[in-house]
Every structure is written in structure tokens, then in C-alpha cells.
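The values are calculated or read from the model by the stated rules, or taken from the named source; none is laboratory data. Since the structure is predicted, the reported quantities are computational estimates derived from the model, not experimental observations. No Cβ is skipped: glycine too gets one built from the backbone with ideal geometry, and neighbour counts run over all protein chains shown. Side chains included, ligands, DNA and RNA excluded: accessible areas come from the protein's heavy atoms. Shrake-Rupley method; radii C 1.70, N 1.55, O 1.52, S 1.80 Å.
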Amino acid sequence: SGAGTPFRGGIRNYPDKETHKSNPKWVVEDGSQCLEFDGVGTHVILGNETIPRRGPYRVSFSIKPMSDKDQTVLAHYGHYIGSLALNLNDGKLTGVRTNRKMERIPLDSGLKVKTGEWSDVTVDYNLSNLTFTVNGVKSAPIPCEGPGLYVGVTTVGGFGAKPKANEFVGRNGWFKGYLKNLRVSQLPKE
């Protein structure tokens with residue numbers, strides 16, 4: 001099946017002319033070991049159901065964007081779209097949640113992620129609502145009930161924004177910056 005790769009056939013959502021490595025570099029930035037993404041095509045693919053389709057979850061990480069362009073940080077997306085994309089648009093943390101009925105729910109946290117600075121990000125999904133937290137500031141809950149769409153991998157580092165870009169990742173391109181402390185876990189009970 002094509003569920004294991006978002007770049008099936010080597011061309012879908014990937015740079016036309018690869019002139020770099022696809023894996024991000026391990027570097028030390030501000031005294032912390034982290035991954036450096038080049039904003040061109042570096043990415044990490046995590047296994048099927050890292051972000052569960054049918055269960056509550058928490059995704060947390062720290063990022064330091066080094067570009068103010070619109071970019072995708074993380075997407076539950078294999079060959080087919082999955083249930084979650086996290087983006088930076090106009091300096092804010094945004095995204096899309098897609099449910100099993102293929103309804104796309106826009107996610108606008110209203111929370112800023114500053115270019116050139118570290119931000120701690122948490123995304124909680126409890127099967128009814130999704131909530132963002134950036135640097136301790138929590139968004140209002142965004143209603144998006146039910147299981148996500150399709151089983152799939154999670155890609156960290158983005159997707160290319162080719163002319164016919166999928167609505168799921170929209171106008172966003174590859175993430176340029178640093179990422180550390182990525183964790184996906186079961187959402188703690190309230």
C-alpha cells in the first residue's frame with residue numbers, strides 16, 4: 001500500500017530537483033540538541049498511527065522557526081490525507097482536522113509563534129475538541145468530533161506547495177527552523 005510514504009513515486013509533494021538530503025541535521029541550537037529543517041525538503045516520517053485515528057492524543061514539541069513564510073510543521077499524511085495538519089500561517093499556529101466523513105475543519109489557534117524564538121507547543125485532542133497551547137497560553141477549544149480520516153504516517157517538516165497543492169496542507173511549504181522534544185502521547189484524563 002502507499003500508506004507508508006507521503007511521497008509515493010518520488011514526485012508527489014516533493015521538490016522537483018532534489019539537491020539536498022531529505023533528512024534534517026542534528027545540531028546544537030541555543031545549548032539544546034535539536035533537528036534543523038532546511039525549508040526545502042528535509043523531513044522525518046513517523047510510523048502508522050503515531051497520531052491515532054480513533055483515540056485521544058497529545059502532540060507536544062518546541063520549535064524555533066527561521067522563516068516567516070507559511071509552512072507546515074507536522075502532518076498526519078501518508079499517500080492519503082490523514083486527520084491532522086499543523087501549520088504556521090502569518091505567524092500564527094493553524095491547521096486542519098479531517099474527520100472520517102472527509103469534513104475539513106480549519107484550526108486557527110489565534111496564538112503567535114515568533115520567528116527566531118523558541119516556542120513550546122501542545123495540541124490536545126479529546127475526540128470532541130482540539131485545543132492548542134503555545135508558551136503556556138491556551139486557545140479556546142475547537143469542536144471537531146469523531147475519528148480522523150484514514151490510518152497513516154506522520155510527516156514532520158512539511159510538504160511542498162506545488163501549484164496543485166492538496167487542500168489539506170494548502171499554501172504551506174516546508175518547515176525552516178529547529179525542532180526538539182517532539183512527543184506524541186495519550187491525552188491525560190481530565
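Among the residues making up the stretch 102-129, those that are touching a residue at least 40 places away in the same chain (Cβ under 8 Å) and under 18 Å from Pro52 (Cβ atoms) are Thr122, Val123, Asp124, Tyr125, Asn126, Leu127. Leu93 passes every criterion in (1) of a type outside the set (Gly, Ala, Ser); (2) over 11 Å from the mean Cα position of the chain (by Cα); (3) at pLDDT 90 or above apart from (2). If I go through the stretch 80-93 residue by residue, how many of them are closer than 17 Å to Thr155 by Cβ and in contact with a strand residue (DSSP E or B) (Cβ under 7 Å, 6 or more places away or on another chain)? Qualifying residue count, the stretch 80-93: 8.
Checking each residue in the stretch 83-115 for being assigned to a strand (DSSP E or B) and β-branched (Val, Ile, Thr) picks out Thr94, Val96, Thr98, Ile105. Inspect all residues belonging to the stretch 44-51 and state whether any of them is in contact with a Phe, Trp or Tyr (Cβ under 7 Å, 6 or more places away or on another chain) and buried (at least 18 other Cβ atoms within 10 Å of the Cβ). Checking the stretch 44-51: at least one residue is in contact with a Phe, Trp or Tyr (Cβ under 7 Å, 6 or more places away or on another chain) and buried (at least 18 other Cβ atoms within 10 Å of the Cβ).
With respect to the conditions (1) under 18 Å from the mean Cα position of the chain (by Cα); (2) over 21 Å from Pro24 (Cβ atoms); (3) small (Gly, Ala, Ser), Gly136 falls short on a single one, namely (1). Residues in the stretch 64-79 that are open to solvent by 20 Å² or more (accessible area, probe 1.4 Å) and more than 12 Å from Thr155 (Cα to Cα): 5 in all. Of the residues screened, Asn23 is one that is modelled with pLDDT of 85 or more and part of a loop (DSSP other than H, G, I, E, B). Just so you know, in the stretch 135-183 the residues that are of a type in the set (Val, Ile, Thr) and open to solvent by less than 50 Å² (accessible area, probe 1.4 Å) include one that is modelled with the lowest pLDDT, and it is Val169.
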